[in-house]
Each structure stands twice: as C-alpha cells, then as structure tokens.
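Chemist: The structure under discussion is supplied below as structure tokens; questions concerning it will follow.
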Amino acid sequence: MRPGARLDRDPPRSEVLAQASSLEETEHRPWPVRAEPWVMGQSWRDLLFAHWRVPVETLRPHVPARLVLEEFDGSAWIGVTPFTVSGLRLRGLPPLPFLSRFEELNCRTYVRVGDRPGIWFFTLDASSRLMVEAARRTYRLPYRYARMRRTPRFESRRGRDVSVDAAWQPRGPAFAAEPGSLEYFLTERYCLYADEGRARADIHHRPWPLQAAEAELDLRNFAPVPLEGEPLLHHAARQDVVVWPLERLE
C-alpha cells in the first residue's frame, strides 16, 4: 500500500472527538495529566519514526546545558520523523479548512529536566507558513518553512542545501511499546522542551500503535550531526493529541 493511500480524510468532527477522547486513557502516562485545560488539538497521520544511535559526546554540544541528554543502551539517539498533521485546532473551535492540514518533518533527541523525560527538537519543518510563524511565537520552537509534498513519497526541501526524501511501508501488526524497552524510550514521551530548555509544554495521547517498518531515506544536511548505520524504523498510522500551553521552568 502506498503511504499516501493510508491518509484517510475523516470528517473534522471525527478528529475533534478523537483528540478530546484521548484523555479517557491516561494510566500509561509517567506523570498525571495537567490540571489546567489543554489548548490545542492535532491528529498525526502516516508517521515514520527513523532513529539512529549517536555518541553522547558528539550530540551533547548541540543540546542546551540545562537539559539532561538521555541515553539508552549507552547511546544518545536522534529521530527523524515525517508525517501529516490534520485536524489542527484551538480548543473549543473546529479545524479551519485549508489551514488545519499540512506536512511536517522534525529532527529530535531525548532529554529530561528532573523527573520529566521529554523531547528536544533541533528543527521542525512544516509546509504551512502560518503554522511556522504561530509555533515560533507561542511555543518558542525552531519551526522552519519548507516545500513539501507526498507523491506518495515524502519530499521536503528547505533552501538549496537541506532536503529529505522518504518512502516507507509498515510491516507486521501494531503493538504498544513495553515500559523499559527501547521503543518506549523513543516514543512514549509526554512533553517537549523549548526556549533553550527554559520552558516545557505537556502533551497527551494514547499509547503509540507502532508497527515495524521498512523505508528508503535520503537525508541531506538535516540533522545536527552525521547519522551513520541503518536506522531503527517504526510506523504509526495515526495518533490523536492534545497540547497544553508552554510552562516556564524558571
């Protein structure tokens, strides 16, 4: 099946309900859901997780000093994740036509502050200029505009020197990662850090429905350090998410 063929277009109300109902399942979280109301909903579709081992000493200079760079099995890890965003909306409002669906591609690693493991993004590229500007202002995240398309390959171009081409297929049944496993370490994270580690935003979703995957990847100047060897690959068909406001840590 082609990646593009998996992008079913649910009615907007279906995505709204799925995002909000994700809070019916919270037992898997490593800490309780924030008491304050969430402010934004999104649905993530046809997502690829591609992960590479990276020596800690190589990656450490690229991560703010106030963040602990987490390791698994003696290595830090970098993830490259292309997917489609749909159903983007503010709480209480429906997704807006032509604005709520776009392509996204991020490069990330895994960090914590205190007892809160989360995600540090090196870059988040998106095909929506409006989303890029809004996210940079409200969440202090390194969003950048890039030209993207799915044909059904995922193709991204930022300027003349940065590009990602990817095609992937899921293999095997979906599964939820077991706590303590590498898959859990890489995917089950419920906050992101921003503004040089001075702020954090909580997110919530159900456990990831992961599948093994195979992929063709061509990355040029996208990650902060060289990525060597074969990546660990997983696919997720869909995830419905709610997001809280940015919280200052100092």
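The values are calculated or read from the model by the stated rules, or taken from the named source; none is laboratory data. In this text the structure is predicted, and so the values were computed from the model without any measurement. Please note: Cβ atoms are built from the backbone with ideal geometry, for glycine as well, and neighbour counts cover all protein chains shown. In case anyone asks, the SASA skips ligands and DNA or RNA and just uses the protein heavy atoms, side chains included. Shrake-Rupley method; radii C 1.70, N 1.55, O 1.52, S 1.80 Å.
Chemist: If you check Ala223, Ala199, Ala194, Ala213, which single one turns out to be among the small types (Gly, Ala, Ser) and under 15 Å from Leu47 (Cβ atoms)? Spell out how you get there, then give the answer.
Modeler: Details: Ala223 fails: under 15 Å from Leu47 (Cβ atoms); Ala199 fails: under 15 Å from Leu47 (Cβ atoms); Ala194 fails: under 15 Å from Leu47 (Cβ atoms).
Criteria check complete, one pass: Ala213.
Chemist: Same structure again: Residue check, Arg200 against (1) open to solvent by 30 Å² or more (accessible area, probe 1.4 Å); (2) closer than 17 Å to Tyr110 by Cβ, all met but one. Which one?
Modeler: It fails just one condition, (1).
Chemist: Something else about it: Looking at the structure I just gave you, is Leu210 of a type outside the set (Lys, Arg), in contact (Cβ under 8 Å) with a residue 12 or more places away in the chain and open to solvent by 40 Å² or more (accessible area, probe 1.4 Å)? It would help to see each step written out before you state the result.
Modeler: Details: of a type outside the set (Lys, Arg): yes; in contact (Cβ under 8 Å) with a residue 12 or more places away in the chain: yes; open to solvent by 40 Å² or more (accessible area, probe 1.4 Å): no.
So Leu210 fails the test.
Chemist: I would also like to ask the following. Considering only segment 165-220, how many residues are touching a strand residue (DSSP E or B) at 6+ places or on another chain (Cβ under 6 Å), of a type in the set (Lys, Arg) and part of a loop (DSSP other than H, G, I, E, B)?
Modeler: Count: 1.
Chemist: If you don't mind, another one. Looking only at segment 104-127, how many residues end up being open to solvent by 30 Å² or more (accessible area, probe 1.4 Å), touching a residue at least 24 places away in the same chain (Cβ under 8 Å) and of a type outside the set (A, V, I, L, M, F, W, C)?
Modeler: Keep residues of segment 104-127 that are open to solvent by 30 Å² or more (accessible area, probe 1.4 Å), which gives 112-117, 122, 127.
Those still in the list that are touching a residue at least 24 places away in the same chain (Cβ under 8 Å) too: 112-113, 115-117, 122, 127.
Narrowing further to those that are of a type outside the set (A, V, I, L, M, F, W, C): 112, 115-117, 127.
Looking only at that region, the number is 5.
Chemist: Residue by residue through segment 79-94, note down the ones that are farther than 30 Å from Val54 by Cβ and open to solvent by less than 10 Å² (accessible area, probe 1.4 Å). Give the derivation first.
Modeler: Residues of segment 79-94 farther than 30 Å from Val54 by Cβ: 86-94.
Scanning segment 79-94 gives Ser86, Gly87.
Chemist: Also, I was wondering about something else. Residues of segment 139-164 being open to solvent by 70 Å² or more (accessible area, probe 1.4 Å) and outside any strand (DSSP E or B), which ones? If you could, list the steps in order and put the result at the bottom.
Modeler: As a first pass, look at segment 139-164 and keep what is open to solvent by 70 Å² or more (accessible area, probe 1.4 Å): 140, 144-145, 147, 149, 151, 153, 157, 160-161.
The answer is Arg140, Thr151, Arg153, Arg160, Asp161.
Chemist: Tell me the residue from Asp73, Asp46 that is open to solvent by 50 Å² or more (accessible area, probe 1.4 Å), at positive phi, of a type in the set (Asp, Glu) and touching a residue at least 60 places away in the same chain (Cβ under 8 Å), please. Break it down into steps so the answer makes sense when it comes.
Modeler: Working: Asp46 fails: open to solvent by 50 Å² or more (accessible area, probe 1.4 Å).
Exactly one residue qualifies, and that residue is Asp73.
Chemist: Got a number for residues in segment 128-161 being in contact (Cβ under 8 Å) with a residue 40 or more places away in the chain and of a type outside the set (Ser, Thr, Tyr)?
Modeler: 11
Chemist: Which of the residues spanning segment 159-187 are more than 24 Å from Ala76 (Cα to Cα) and among the aliphatic types (A, V, I, L, M)?
Modeler: Ala167, Ala174
Chemist: With respect to Gly79, determine if the residue is touching a Lys or Arg at 6+ places or on another chain (Cβ under 8 Å), at pLDDT below 95 and not in a loop (DSSP other than H, G, I, E, B). Don't jump to the end; show me each part of the working.
Modeler: Values: touching a Lys or Arg at 6+ places or on another chain (Cβ under 8 Å): yes; at pLDDT below 95: no; not in a loop (DSSP other than H, G, I, E, B): yes.
Judged against the criteria, Gly79 is not a match.
Chemist: Cβ contacts < 7 Å: first residue assigned to a strand (DSSP E or B), restricted to segment 90-102; second residue open to solvent by less than 80 Å² (accessible area, probe 1.4 Å) and polar (S, T, N, Q), any location; separation 6+ or different chain. Result?
Modeler: Phe102/Ser127; Phe102/Ser128
Chemist: If only one of Ala223, Ala236, Ala194, Ala176 is surrounded by fewer than 18 Cβ atoms within 10 Å (Cβ to Cβ), under 27 Å from Leu88 (Cβ atoms) and small (Gly, Ala, Ser), which one is it? If you could, list the steps in order and put the result at the bottom.
Modeler: Values: Ala223 fails: surrounded by fewer than 18 Cβ atoms within 10 Å (Cβ to Cβ); Ala236 fails: surrounded by fewer than 18 Cβ atoms within 10 Å (Cβ to Cβ); Ala194 fails: surrounded by fewer than 18 Cβ atoms within 10 Å (Cβ to Cβ).
From the options Ala223, Ala236, Ala194, Ala176, the qualifying one is Ala176.
Chemist: Ok, one more. On the given criteria, is Val85 among the aliphatic types (A, V, I, L, M) and over 24 Å from Ser21 (Cβ atoms)? Step through it out loud before you land on a result.
Modeler: Numbers: among the aliphatic types (A, V, I, L, M): yes; over 24 Å from Ser21 (Cβ atoms): no.
It is false that Val85 is among the aliphatic types (A, V, I, L, M) and over 24 Å from Ser21 (Cβ atoms).
Chemist: Can you tell me which residue is farthest from the chain's Cα centre (by Cα) among those in segment 114-142 that are of a type in the set (A, V, I, L, M) and under 9 Å from Tyr193 (Cα atoms)? Quick ask: steps written out before the conclusion?
Modeler: So the first thing to find is which residues in segment 114-142 are of a type in the set (A, V, I, L, M), and the list is 119, 124, 126, 130-132, 134-135, 141.
Adding the requirement that they be under 9 Å from Tyr193 (Cα atoms) leaves 119, 141.
Working: Ile119: 9, Leu141: 12 Å.
The residue in question is Leu141.
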